[in-house]
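To start, I am sharing the structure in question, which I have written as structure tokens.
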Amino acid sequence: MPEGHTIHRLARAQRKSFGGHVVHAASPQGRFAEGAALIDGRALRRTEAYGKHLLHHYDGGVLLHVHLGLYGTFSTGTGDPPQPRGALRLRLVGNANWADLRGPTTCELLEPAERTALLARLGPDPLRRDRDSAAALTRITRSKTSIAALLMDQTVVAGVGNVYRAELLFRHRVDPYLPGRALTDVRWMAMWDDLVVLMTAGLRTGRIVTLAAADRPRQRGVLTREQSVYVYRRAGLPCRVCGSAIRTETVVGRNLYWCPTCQTAVV
DNA sequence: GCTAAATGTTGAT
DNA sequence: TCAACCTTTAGCT
């Protein structure tokens, strides 16, 4: 289940698995049968991630667009793929690898102009080299909308999801309900730079770990998810910094988590 | 084994 | 504001 780092990771893995050679595509479920037929037998030239959107560039200008949504997943393997089961939207089979896509919000082919329009409506992606942090700065520091809502708006910043939102706000001790325009340029740029660091680490490891080493419980072994974050899904549990109960409230349809004591920074 | 919730977005009401 | 998408997992029985 994906925020931007997951999609960039997929783009990288799929480039490695399928890039440069012919791919066979099918849609056993039937919902993407026409698209799969157009992809089938073409070589994959390039993969691309922008925010939470994944793109495959195939020979002949065929462009696949996938958005996993909340619970879309790819399962992958090598050798012969298993018998298709359940609602399998798209199966890709390369020389040695296969990938099965289930439950995506979007799986479609795009015309070049549609790709341009898609990318044009996305804000800067902290994981892209061409990121334009000034664009997000302008949107945020002029807005009356709460910073918690702005961070989930993909036209403001592309790739941030509910975990990074809650954790970023905590790490900077920012009250989620502050309007964007209450943030100084310096405050937002510190948050942006942190987002780049956090998401780059997420891309490298495949996990979201936002807890600073100093705040981690001293113990051996792999951190559980609950031990990797400050506030996300920790409602009612004590804040790792001050001990106050972590609160949760729905903001534009998503559960926000925050510490009412720590997150009162003067911006 | 069952239920609810989940790292998301769109489109109808 | 809410249902839909329709998978996976955590937490309960």
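Please treat every number below as a calculation from the coordinates, not as lab data. Computed from a prediction, not measured in an experiment: that's the story for all the values here. Neighbour counts are summed over all protein chains in view; Cβ atoms, including those assigned to glycine, are modelled from backbone coordinates with ideal geometry.
What number, rounded to the nearest 500 deg cm²/dmol, is the helix-based mean residue ellipticity at 222 nm of chain A, given -39500 (n - 2.57) per DSSP H run of at least four residues and division by all its residues?
Taken over chain A, the calculation gives -8500 deg cm²/dmol.
Give me the number: length gained by fully extending residue A:16 to residue A:108, i.e. 0.36 nm times residue separation minus the C-alpha to C-alpha distance, one decimal in nm.
30.9 nm
Compute a Gaussian network model of chain A, connecting alpha carbons closer than 10 Å, and tell me which residue from A:149, A:37, A:213 fluctuates the most.
Checking each option, the largest mean-square fluctuation is seen for A:213.
Can you compute 3J(HN,Hα) from phi for each residue in the range A:136-152, using the Karplus curve 6.51 cos²θ - 1.76 cosθ + 1.60 with θ = phi - 60°, rounded to whole Hz and x for Gly and Pro?
Ordered by residue, 3J(HN,Hα) equals 5, 4, 4, 4, 6, 6, 10, 9, 7, 5, 5, 4, 5, 6, 4, 5, 8 Hz.
Among the chymotrypsin sites (Phe, Trp or Tyr not before Pro) within the range A:1-101, which fall in a DSSP loop and have no more than 13 other Cβ atoms within 10 Å of their own Cβ?
A:71
Can you give the charge dipole size of the range A:1-75 about its Cα centre, rounded to the nearest 20 debye, using +1 on the beta carbon of Lys and Arg and -1 on the beta carbon of Asp and Glu?
Values: 9 positive and 5 negative charges, 51 e Å.
The calculation lands at about 240 debye.
Then there's this: At 37 °C and 0.692 mPa s, what whole-number value in µm²/s does Stokes-Einstein give for the translational diffusion of the range A:1-158, with Rh from the Kirkwood sum over Cα pairs?
It diffuses with D of about 200 µm²/s by this estimate.
Work out the length of the dipole vector of the range A:1-147 about its Cα centre, built from +1 on the beta-carbon of each Lys and Arg and -1 on the beta-carbon of each Asp and Glu, and round it to the nearest 20 debye.
500 debye
Compare A:169, A:223, A:203 in a GNM of chain A, Cα atoms joined below 10 Å, and give the one with the largest fluctuation.
In this elastic network of chain A, the residue with the biggest mean-square fluctuation among A:169, A:223, A:203 is A:223.
If I take R0 = 25 Å and measure r between the Cβ atoms of residue A:83 and residue A:233 in this structure, what FRET efficiency does the formula 1/(1 + (r/R0)^6) give, to the nearest 0.05?
Values: r = 35 Å, r/R0 = 1.42.
Between residue A:83 and residue A:233 the formula returns 0.10.
Let me ask something else. Which far-off residues, 5 or more places away or on another chain, put their amide H under 5 Å from the one on residue A:240, with H placed in the peptide plane?
Under 5 Å from the amide H of residue A:240: no residue qualifies.
Taking the dipole about the Cα centre of chain A, with the C-beta of Lys and Arg at +1 and of Asp and Glu at -1, give me whichever of A:260, A:138, A:76 is farthest to the positive side.
A:260
While we're on this one: Counting only trypsin sites (Lys or Arg not before Pro) that sit in a DSSP loop (anything but H, G, I, E, B) with at most 13 other Cβ atoms within 10 Å, what is the longest stretch of chain A containing none of them?
On the way: sites that count: A:85, A:121, A:129, A:142, A:144, A:207, A:218, A:220, A:225.
That would be A:1-84.
Expressed as an acute angle from 0 to 90° and rounded to the nearest 10, what is the orientation of the C-alpha long axis of helix A:185-205 relative to the principal long axis of chain A?
40 degrees
Sticking with this structure for a sec: Can you give me the Rg/Rh ratio for chain A, using Cα atoms for both radii and the Kirkwood formula for Rh?
Radius of gyration over Kirkwood radius for chain A works out to 1.01.
Sticking with this one: Expressed as a rounded percentage, what relative contact order does the range A:40-142 have, with Cα pairs under 8 Å and six or more residues apart?
The normalised contact order for the range A:40-142 reaches 23 percent.
Once you keep just the Cα pairs under 8 angstrom separated by 6 or more residues, what percentage relative contact order results for chain A?
Worked out over chain A, it gives 16 percent.
Using modelled amide H (1.01 Å from N, peptide plane; none on Pro or chain starts), what sits under 5 Å from the amide H of residue A:157, excluding residues fewer than 5 places away?
Result for residue A:157 returns A:123.
Over the range A:90-161, calculate the relative contact order: mean separation of alpha carbon pairs under 8 Å at least 6 apart, over the residue count, as a percent.
26 percent
Given +1 on the Cβ of Lys and Arg, -1 on the Cβ of Asp and Glu, and no further charges, what dipole in debye does the range A:172-267 carry about its Cα centre, rounded to the nearest 20? Mind showing how you got there, number by number?
Numbers: 14 positive and 7 negative charges, 83 e Å.
For this selection, approximately 400 debye.
Measuring from the lowest to the highest alpha carbon on each principal axis, how far does the range A:91-236 reach, largest first, in angstroms?
On the principal axes, the range A:91-236 reaches 47, 45, 28 Å in Cα extent.
For the charge dipole of the range A:163-242, defined by +1 on Lys and Arg C-beta atoms and -1 on Asp and Glu C-beta atoms about the Cα centroid, which residue among A:196, A:241, A:183 has the Cα displaced farthest towards the positive pole?
Towards the positive end, the residue furthest out is A:241.
Please report how far the C-alpha centroid of the range A:75-135 lies from that of the range A:164-179, rounded to the nearest whole angstrom.
Spelled out, the Cα-based centre of one part sits 29 Å from the other.
Which one of A:95, A:64, A:211 is farthest out on the positive end of the charge dipole of chain A, using unit charges on Cβ (Lys, Arg +1; Asp, Glu -1) and the Cα centre as origin?
Ranked along the dipole, the leading option is A:211.
Next question. If you plug each phi of the range A:116-130 into the Karplus form 6.51 cos²θ - 1.76 cosθ + 1.60 with θ = phi - 60°, what whole-Hz ³J(HN,Hα) values come out, in order, with x for Gly and Pro?
Calculated HN-Hα couplings, in order: 4, 5, 4, 5, 5, 8, 9, x, x, 9, x, 9, 9, 5, 8 Hz.
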